[in-house]
Amino acid sequence: MGKDFIHLSNISKSFDGQMILDELDLKIKENEFMTLLGPSGCGKTTTLRLLGGFETPDEGKIFFDGKDITHLPPNERKLNTVFQKYALFTHMSIAENIAFGLKISKKSKAYIDDKIKYALKLVNLDGYENRSVDSLSGGQQQRIAIARAIVNEPKVLLLDEPLGALDLKLRQDMQYELIRLKEELGITFVYVTHDQEEALTMSDKIVVMNQGYIQQIGSPEDIYNEPINAFVADFIGESNIIDGVMIEDKLVEILGTKIPCVDIGFDKNQPVDVVIRPEDVKLVDPSAGFMEGDVVSIIFKGVHYEIEVHANGYDWLVHTTKMHPVGSHVGINVTPFNIQIMNKPESSDEKAVELDV
Amino acid sequence: MVKKIGSRIYLSIIFLFLYLPILVLIVLSFNNSKTRVKWGGFTLKWYASLLENETIIEAFVMTLQITLTASILATIIGTLAAIGIHAMKSKGKAIMLGATNIPLLNADIVTGISMMLLFVRFTELGFSTVLIAHLTFDIPYVILNVLPKLNQTSKYAYEAALDLGATPLYAFYKIVWPDIRPGVFSGFLMAVTMSLDDFSITYFTKGAGVNTLSTMIYTELRKGIKPEMYALSTILFGIALILLLVMNYRSSKKAIN
Amino acid sequence: MFKLKKQFLAGPYIVWIIGFILLPIVLILFYGLSDYHGNFTFDNLLSIFDPIHMKSLLFSLRLALICTVICLILAYPLAMILNSMHLKHQSFVVFVFVLPMWMNFMLRILAWKLLLSNNGVINNILASLGLPAIQLLNTPSAVVFGMVYDYLPFMILPIYNAMSRIGHDIIDAARDLGANQVQVFFKITMPLTISGVLSGIIMVFVPALTSFVISNLLGGGKVLLIGNVIEQEFMQTMDWNLGSGLSIVLMIFVIASMAFMNTHNKDGEGTAVW
């Protein structure tokens, strides 16, 4: 991928004495689909608004294509935003909405008409020029909001939870549409969401945030398979997060049982968090597992069964395609490679992070 | 920064414009001087002699009677009407709202005169005709305050209550009423304010025997305003100020909770 | 079954509308279109073309127009300032503008009379500055001043309401699309507050056109508005037919201005002030 295009350098921002972002440092590459992911209040929307120019940081600088834009007003920035609740202008027609930015930059009538046609086609709403905003469904309004932003040919498109108000099916359709758009336009997308599935589906790079701090930056695969701490593990998908003690390299003790793993480099007897994805837990014959337990509940989820197994005082969450009736006695096994060992959070900040989930 | 200072100054000028006459009246109520323009020292004597001035007390009592009776009745009729209108189909709703707008938007003088023409045909002008006239312009304020609140309430919550076995009356009291109560209350307050402040419509419908504060002042214009009037209106304003401040404080506390 | 019952709750009010809103209007039409003996005539209506009546009508229209324009010029920036303060409780704004109404309206106008009179506070201030006294009272300007004072809240509140309904994200979106603050004002704020402006205009123009008290108090009998003419016909000359005829003319103007506003008001939120 391209060079660093946007650089948020040591940004701090607080509202009413409450720290929202604390020395955030983030680089965004050209032509990248980057997602800021985190729970509400983690600072992701503030980060986006700083980029859009709707807020100014208390400290730090924002560079755009090498230029300092920290104090540039939103109307002079070469990026456009798709707002959470669409923010369409209800007193204008669809065409007037889309033409808004173009008219301000004094484009010719013919150019504007061309652009409206092109944009409507791009978002699959050809022929909607003269409809009123109120006559559109939520999904259609969202497409118009996207069309209105992209006709200005921004180098970066900011999207603030644009699919939040749509229902599930529509949301999934729009995810594919956004990926297609991004590929057709070849511009940078900065996408804010609290929906991990959205983030995993669309992004080139995910930035997991919590309480104003970046927790982890990486590809969807990295984030999912190698979460850096318990917060990320828990936020991205479901996980079994169990207190453990590192006995020695490649051996960890959880729930009174020593099990092999692949991690090395921890101190002897260091307390750790052990993270195991539900789909990585194998239910086997009682004698074949490293631990025995009883099935407490089972729910059919379509693709798999979601099973809860009570073993050694912990309720394990297990995803499996095999049916195990409630009450059956099973063994639990996990291949060492699928066991993630993580440092316990040290600072109180990080602890708060954990509680917040 | 300059913009901020400018807007502060502008704001102050407008507020001075709105509240200067009130300030003047309050100052006059403490003025120990026969001529109104000169300051003759501080006194409370107008407050003392207020109680002995029968015409003023009579007009004040009449004003209170009309205002309170009209506002309470208007609140009841208006709230019921709002619930009824809310349940209507769009056409009926439009007709009702159109009719509701007539007394609000029509000229006071025309409303007053047309009611007088009606009253003199069927009855003597007096307390009851003033009351009816006040009710007529108070009810629309109540309706317009309650209707938006009704539009905000969820139809489903009410139906859920019925589904859980509540009688319509109980469901209304437990589900709808808490939602519309602020609207009913502000409607009542608007009705009180409008009744208290009305002159034109009372003037045409009152007949000889009845005088509210407004009509009394108007008839006594040439004789000059008695200083006791200033004392009375200062007391009224003070009560309103305290009442509204307390309410504002309580509603803001609620908002915080 | 219950649906039907609920609509019945409006019953008393429907009776009220018929008895005390519609019937009086029918009566005023009846009086206005008949002579003393009850014979049908257009004379009362046509008497508006009597030079005295016509003069006072035109004068009333002029003063009402001036008053409305002044109120609009004062109110719009004020609403913008109030809106920019992001008050937590918008009811506070209503409170501030409604509170003065609890002090009798006539007394408040009379207080202005004291302030504006020849030896009043304002002329005293002028005198102490060595400036010549100015005749403020008993002029058309004084009447307009009183009207602006009395009706200004009715212009501010609907505009402020309309303005506070504009979401921040709408403004942000316009800025994001390249609009500077002036462009945001003309392309977003103005068009979205037009309904508030229109209902403000109605709420000020109609009472200003039909007022008779303020002109009596501040005009000193020298300013004769159409409202004063009608009042005199009813309370002094006792020619109710003529008075009703002129009232009908007034009503036509009220309806016409309302119709004009309605055709220009797309979202129909016009009349809801509070």
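The values are calculated or read from the model by the stated rules, or taken from the named source; none is laboratory data. Only a predicted model underlies this, so the values are computations on that prediction, with no experimental measurement involved. Backbone-built Cβ (ideal geometry, glycine too); neighbour counts: all protein chains shown. Protein only, heavy atoms only, side chains kept; ligands, DNA and RNA dropped before computing areas. Shrake-Rupley method; radii C 1.70, N 1.55, O 1.52, S 1.80 Å.
Numbers below:
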read-out	value
Lone qualifier among C:Ile28, C:Ile73, C:Ile81, C:Ile14 - being over 19 Å from C:Ile226 (Cα atoms), within 7 Å of chain B (Cβ to nearest Cβ) and not polar (S, T, N, Q)	C:Ile81
Within region A:253-354, strands (runs of 3 or more DSSP E) holding 1 or more residues that are closer than 21 Å to A:Asp243 by Cβ and in contact with a strand residue (DSSP E or B) (Cβ under 9 Å, 6 or more places away or on another chain)	A:257-260, A:270-276, A:291-300, A:305-311, A:314-320, A:329-333, A:340-343
Subset of region A:260-280 (residues that are surrounded by fewer than 21 Cβ atoms within 10 Å (Cβ to Cβ), out of contact with any Gly (no Cβ under 8 Å at 6 or more places or on another chain) and of a type outside the set (Lys, Arg))	A:Pro260, A:Val262, A:Asp263, A:Ile264, A:Gly265, A:Phe266, A:Asp267, A:Asn269, A:Gln270, A:Pro278, A:Glu279, A:Asp280
Residue within region A:56-65 that is within 11 Å of chain C (Cβ to nearest Cβ) and not in a strand (DSSP E or B) present	no
Lone unmet requirement of (1) farther than 17 Å from B:Tyr230 by Cα; (2) without any contact (Cβ under 8 Å) to a residue 24 or more places away in the chain; (3) touching a Pro at 6+ places or on another chain (Cβ under 9 Å); (4) of a type outside the set (S, T, N, Q) for B:Lys45	(1)
Helices (runs of 4 or more DSSP H) completely within region B:80-164 that count 2 or more residues being at the interface with chain C (Cβ under 10 Å from one of its Cβ atoms) and not hydrophobic (A, V, I, L, M, F, W, C)	B:90-105, B:108-122, B:127-152
Flag for A:Ala110 being under 23 Å from A:Glu177 (Cα atoms), assigned to a helix (DSSP H, G or I) and small (Gly, Ala, Ser)	no
Region B:1-54 - residue that is of a type in the set (Lys, Arg) and more than 10 Å from chain C (Cβ to nearest Cβ) and, of those, surrounded by the fewest Cβ atoms within 10 Å (Cβ to Cβ)	B:Lys34
C:Val143 being of a type in the set (Val, Ile, Thr), part of a helix (DSSP H, G or I) and in contact with a helix residue (DSSP H, G or I) (Cβ under 9 Å, 6 or more places away or on another chain)	yes
Helices (runs of 4 or more DSSP H) within region C:175-274 that include 1 or more residues charged (D, E, K, R), more than 16 Å from the chain's Cα centre (by Cα) and facing chain B (nearest Cβ under 10 Å)	C:226-235
Pairs, first outside the structural domain of C:Asn228 (by TED's automatic domain parsing) in region C:119-141, second at pLDDT below 80, C-beta under 6 Å, six or more apart	none
Selection status of C:Ile109, of a type in the set (A, V, I, L, M), exposed (fewer than 14 other Cβ atoms within 10 Å of the Cβ) and either over 12 Å from C:Tyr160 (Cβ atoms) or not assigned by TED's automatic domain parsing to the domain that holds C:Pro207 (or both)	no
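Residues checked against (1) open to solvent by less than 70 Å² (accessible area, probe 1.4 Å); (2) in the same structural domain as C:Phe212 (by TED's automatic domain parsing); (3) farther than 17 Å from B:Ala107 by Cβ:
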position: C:Lys55; (1), (2), (3): no, yes, yes
position: C:Ser60; (1), (2), (3): yes, yes, no
position: C:Ala75; (1), (2), (3): yes, yes, yes
position: C:Ile81; (1), (2), (3): yes, yes, yes
position: C:Leu87; (1), (2), (3): yes, yes, yes
position: C:Gln90; (1), (2), (3): no, yes, yes
